[in-house]
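The values are calculated or read from the model by the stated rules, or taken from the named source; none is laboratory data. Model, not experiment: these values are computed from the prediction. Cβ placement follows ideal geometry from the backbone for every residue including glycine, while neighbour counts extend to all protein chains displayed. Heads up: the accessible areas ignore ligands, DNA and RNA and are worked out on the full protein's heavy atoms, side chains in. Shrake-Rupley method; radii C 1.70, N 1.55, O 1.52, S 1.80 Å.
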Amino acid sequence: MQYQFSDKVKNITGSATREIFKLLVRPEIISFAGGLPATECLPKEDIAAITAEILSSNEAIGALQYGSTEGFKIYLEQVINFVLGTGVKVDSFDNILTLSGGQQGIDLMSKAFLNKGDTVLVEDPTYLAALQIFATYEANIVGIKSNKDGLDLDDLTQKIKKHKPKFLYVVPTFSNPTGKTYSEEIRRGIAKITLENNVMVLEDDPYSKLRFSGKEINALKTFEVADNIVYITSFSKILAPGLRIGAAIGNKDVIRKMAIGKQGADVSSAHLSQLITAKYLSKGLLVPNIEKSIPIYKQRKDAMIAAIEKHMPSEYKYENPDGGLFVWGKLDAKIDVATLLPKAVEKNVAFIQGTVFYAGGKNENTLRLNYSNASIDKIETGIKALSEVFKQELTRK
């Protein structure tokens, strides 16, 4: 059978993380590839108790039945209270939409705004699943230069004028993949420039609660002076990714269009997940769980940095983030690290090559390392093995 795939998907390949996840069935592999939360941070006992409470009460039918696309009021109320901690205020329920994970928000924003050939601006590098989604909508994806404080505002202005984009996609706090955080000045600049040029912004915020050090900065959306920023939050990294639950917040007309798009995707997010999350938040359990998780992640990040300092060659340069789940690095040499992945796997360690995070692909000497789902001992062992692969290649060069 010769399959006639649509133009939207026939040239789209699976993401690098999807391919790497296939390796995880091998227990000997030390994976620095994904973005999985630490298993110790998944509150299984609390979730089990809350689930039993829901299913043994009058709420059981609602949890197991169809419902509104926008979401359960009890869930939306808890999300509204939760995002106040990032400075985001929600005027009414018309401004918020339940999502089946934060990534659905990227898809629904694309569905609402993108026609074939429309331009989306992204930070170079950026979240690889977002790039894949934009490509599925046949968008023209243009990367914006960045520095340690965030987007290069001059480059942003120039590319807005040149490409007339539909929207800008950013992860301003503990960015995936670099771990960087945009300064307040950069956030103000993005809000000002995009408003002046009638450009929408999609702000993705899955990591901001996982801060180890540095000054907390309010969400980019808090710096807007008009309704041109859509803010996405998710509970995947701070509660449980298996619940597949999040929310989008923005102008009511934009949220309405996203809701219409959602109706054609999944009708509504899982009601049981909404109720579990709502009760978890209402019982005051989320903050203590985050407070328990942060030292675990910080210890693992510190262990990775220490192992890098101890084992990696001097040609390897890295960023030390204030939070999140990733360490971004590069080799100061003309080496395509993707070609070294099979050699790393032979030593039972996996990573993600950096080129997949760039619009158009480039910077073959970069890579992303995840520290959240490996023990301290495995981090030491894995970084040592990876350094041996890099040193051997540098010697060969």
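General observations
- All positions within the stretch 58-81 that are among the aromatic types (F, W, Y) and either crowded, with 17+ Cβ neighbours inside 10 Å or over 22 Å from D266 (Cβ atoms) (or both): F72, Y75
- Of the criteria (1) modelled with pLDDT of 80 or more; (2) open to solvent by less than 40 Å² (accessible area, probe 1.4 Å), which one F5 fails: (2)
- Subset of the stretch 82-123 [in a loop (DSSP other than H, G, I, E, B) and open to solvent by 20 Å² or more (accessible area, probe 1.4 Å)]: G87, K89, V90, D91, S92, S100, N115, K116, G117, D118
- Test: K166 is within 29 Å of G34 (Cβ to Cβ) and touching a Leu at 6+ places or on another chain (Cβ under 9 Å): no
- Residues in the stretch 361-389 that are more than 19 Å from S175 (Cβ to Cβ) and among the hydrophobic types (A, V, I, L, M, F, W, C) were compared, and the one that is most open to solvent (accessible area, probe 1.4 Å) is I376.
- Test: residue in the stretch 35-57 that is open to solvent by 60 Å² or more (accessible area, probe 1.4 Å), assigned to a loop (DSSP other than H, G, I, E, B) and without any contact (Cβ under 8 Å) to a residue 24 or more places away in the chain: yes
- Members of the stretch 133-175 that are open to solvent by 40 Å² or more (accessible area, probe 1.4 Å) and under 19 Å from N218 (Cβ atoms): D149, L153
- Test for A135: is it under 24 Å from K8 (Cβ atoms) and out of contact with any strand residue (DSSP E or B) (no Cβ under 6 Å at 6 or more places or on another chain): yes
- The stretch 206-215: number of residues that are under 9 Å from T86 (Cα atoms) and of a type outside the set (K, R): 1
- Residue match in the stretch 178-185 (condition: closer than 30 Å to F32 by Cα, free of Cβ contacts under 8 Å to residues at least 60 places away in the same chain and not basic (K, R)): yes
- Residue check, A338 assigned to a helix (DSSP H, G or I), of a type outside the set (F, W, Y) and at pLDDT below 95: yes
- Test result for Y297, over 24 Å from G62 (Cβ atoms), among the hydroxyl-bearing types (S, T, Y), surrounded by fewer than 20 Cβ atoms within 10 Å (Cβ to Cβ) and touching a residue at least 12 places away in the same chain (Cβ under 8 Å): no
- Test: residue in the stretch 234-243 that is open to solvent by 40 Å² or more (accessible area, probe 1.4 Å), more than 28 Å from S92 (Cβ to Cβ) and under 16 Å from the mean Cα position of the chain (by Cα): yes
- Among residues of the stretch 288-316 being assigned to a loop (DSSP other than H, G, I, E, B) and out of contact with any Asp or Glu (no Cβ under 6 Å at 6 or more places or on another chain), the one that is nearest to I50 (Cα to Cα) is M312.
- If you go through the stretch 257-294 and keep only what is surrounded by fewer than 14 Cβ atoms within 10 Å (Cβ to Cβ), within 21 Å of the chain's Cα centre (by Cα) and among the β-branched types (V, I, T), you end up with just V287.
- Near pairs, Cβ below 7 angstrom, 6+ apart or cross-chain, from the stretch 246-265 (under 15 Å from L114 (Cβ atoms) and modelled with pLDDT of 95 or more) to any residue that is surrounded by 14 or more Cβ atoms within 10 Å (Cβ to Cβ) and of a type outside the set (A, V, I, L, M): G261/K111
- Subset of the stretch 352-368 that is over 17 Å from the mean Cα position of the chain (by Cα) and in a loop (DSSP other than H, G, I, E, B) - its residue that is farthest from G143 (Cα to Cα): N365
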